Amino acid sequence: MVSDLHSNLEALDAVVAAARDRGATGFIVCGDIVGYGADPEAVLERVFDLPLRSVVAGNHDLAAVDRFPLDWFNDVAADALRWTAEQLPADARETLRGLEPRESSTEGLVVHGSVVEPASEYLMPGEDAAASRSFGHEPFERCFFGHTHVPTVFEQRGDGGVRGNAIQGEGRLRLTGGHRYLLNPGSLGQPRDGDPRSAFMIVDDEQSAVEWIRVAYDVDAAQEKIRAAGLPGVLADRLAAGR
């Protein structure tokens, strides 16, 4: 499972290779395929060449095709989205237009932001009240989400109590029967937890477990492309810092 790819082709190729090395046979994509980075068309093509189990739109994907307001974003993100929209050919735009920010699948519920506001609400680590609203919004055993760029788990116990934590580095979690989960793999293309390595998640149904994994990629190449495209320099700088 991946999220927040943000047009980072180098990161995507590294993660797909690492996931396949670990036996992944299908992919869940929790949105924000484009935005920020320099390879929106190539990343979109790569994603739809994968054996997809589920794919949803993020707010950046929707904004790139005029389905989400640009004034919601800060100036840097909005500038990158205007550039992204100019780069996308008609068929790529139609692909993005066909995506929604929420989808039910055999793997679980998939959203970009939250169950309550699938396109836009942030479920940050420690914000257990916001997670409780998502758990209460509709029944599900597990929901995969992104948007925050931070690997996170929220767990609702059988008594209704909710506890959330950020995942530092790599980690594995056994899923307890009767508990419910909101699971964020972190960002593939622009991590913001202080670790510049790409983040993704493996869902192991046989073991009833999930695993957060980090993989290094060619950050320098991704940075060079961003600068060469004339995109805001901070978008290149932050890749090396993971912020």
#### Entry: Options Val115, Val110; residue that is within 16 Å of the chain's Cα centre (by Cα), modelled with pLDDT of 95 or more and assigned to a strand (DSSP E or B)
Val110
## Note on the structure
Gly178 passes all but one of the listed conditions (1) modelled with pLDDT of 95 or more; (2) outside any helix (DSSP H, G or I); (3) out of contact with any strand residue (DSSP E or B) (no Cβ under 8 Å at 6 or more places or on another chain); the exception is number (1)
### Task
Using the structure shown, decide if Gly177 is within 30 Å of Gln87 (Cα to Cα) and surrounded by fewer than 20 Cβ atoms within 10 Å (Cβ to Cβ).
no
#### Entry: Members of segment 212-243 that are within 21 Å of Val16 (Cβ to Cβ) and buried (at least 17 other Cβ atoms within 10 Å of the Cβ)
Trp212, Ile213, Arg214, Val215, Tyr217, Val219, Ala222, Gln223, Lys225, Ile226, Leu239, Gly242
### helices (runs of 4 or more DSSP H) contained entirely in segment 46-103, each with at least 1 residues that are within 17 Å of Pro232 (Cα to Cα) and β-branched (Val, Ile, Thr)
75-87
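Mind telling me which of the residues Leu109, Leu182, Leu188, Leu96 ends up being touching a Cys at 6+ places or on another chain (Cβ under 7 Å), within 30 Å of Glu41 (Cβ to Cβ) and of a type outside the set (S, T, N, Q)? Even if it seems obvious, please write down each step before you answer.
On the way: Leu182 fails: within 30 Å of Glu41 (Cβ to Cβ); Leu188 fails: touching a Cys at 6+ places or on another chain (Cβ under 7 Å); Leu96 fails: touching a Cys at 6+ places or on another chain (Cβ under 7 Å).
That would be Leu109, the only listed residue that is touching a Cys at 6+ places or on another chain (Cβ under 7 Å), within 30 Å of Glu41 (Cβ to Cβ) and of a type outside the set (S, T, N, Q).
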### Query
Right, Leu175: of a type in the set (A, V, I, L, M), more than 27 Å from Tyr36 (Cα to Cα) and touching a Ser or Thr at 6+ places or on another chain (Cβ under 6 Å) or not?
yes
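Could you tell me whether Gln190 is modelled with pLDDT under 95 and either assigned to a loop (DSSP other than H, G, I, E, B) or touching a strand residue (DSSP E or B) at 6+ places or on another chain (Cβ under 6 Å) (or both)? If you could, list the steps in order and put the result at the bottom.
Numbers: modelled with pLDDT under 95: no; either assigned to a loop (DSSP other than H, G, I, E, B) or touching a strand residue (DSSP E or B) at 6+ places or on another chain (Cβ under 6 Å) (or both): yes.
So Gln190 does not fit the description; no.
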### Query
Taking the stated definitions as given, is Leu5 part of a loop (DSSP other than H, G, I, E, B), under 24 Å from Pro232 (Cβ atoms) and at pLDDT 95 or above?
yes
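Okay, residues lined up against (1) closer than 13 Å to Phe200 by Cβ; (2) out of contact with any Lys or Arg (no Cβ under 9 Å at 6 or more places or on another chain); (3) among the polar types (S, T, N, Q):
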{"position": "Val2", "(1), (2), (3)": "yes, yes, no"}
{"position": "Glu10", "(1), (2), (3)": "no, no, no"}
{"position": "Ala38", "(1), (2), (3)": "no, no, no"}
{"position": "Ser54", "(1), (2), (3)": "no, yes, yes"}
{"position": "Asp71", "(1), (2), (3)": "no, yes, no"}
{"position": "Asp79", "(1), (2), (3)": "no, yes, no"}
## Note on the structure
Given (1) out of contact with any Leu (no Cβ under 8 Å at 6 or more places or on another chain); (2) of a type outside the set (A, V, I, L, M); (3) at pLDDT 95 or above; (4) in a loop (DSSP other than H, G, I, E, B), Arg172 misses just (4)
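The values are calculated or read from the model by the stated rules, or taken from the named source; none is laboratory data. The shown structure was predicted, so the numbers you read here are calculated from the model rather than taken from an experiment. So basically every Cβ, Gly included, is an ideal-geometry build from the backbone, and we count neighbours across all protein chains shown.
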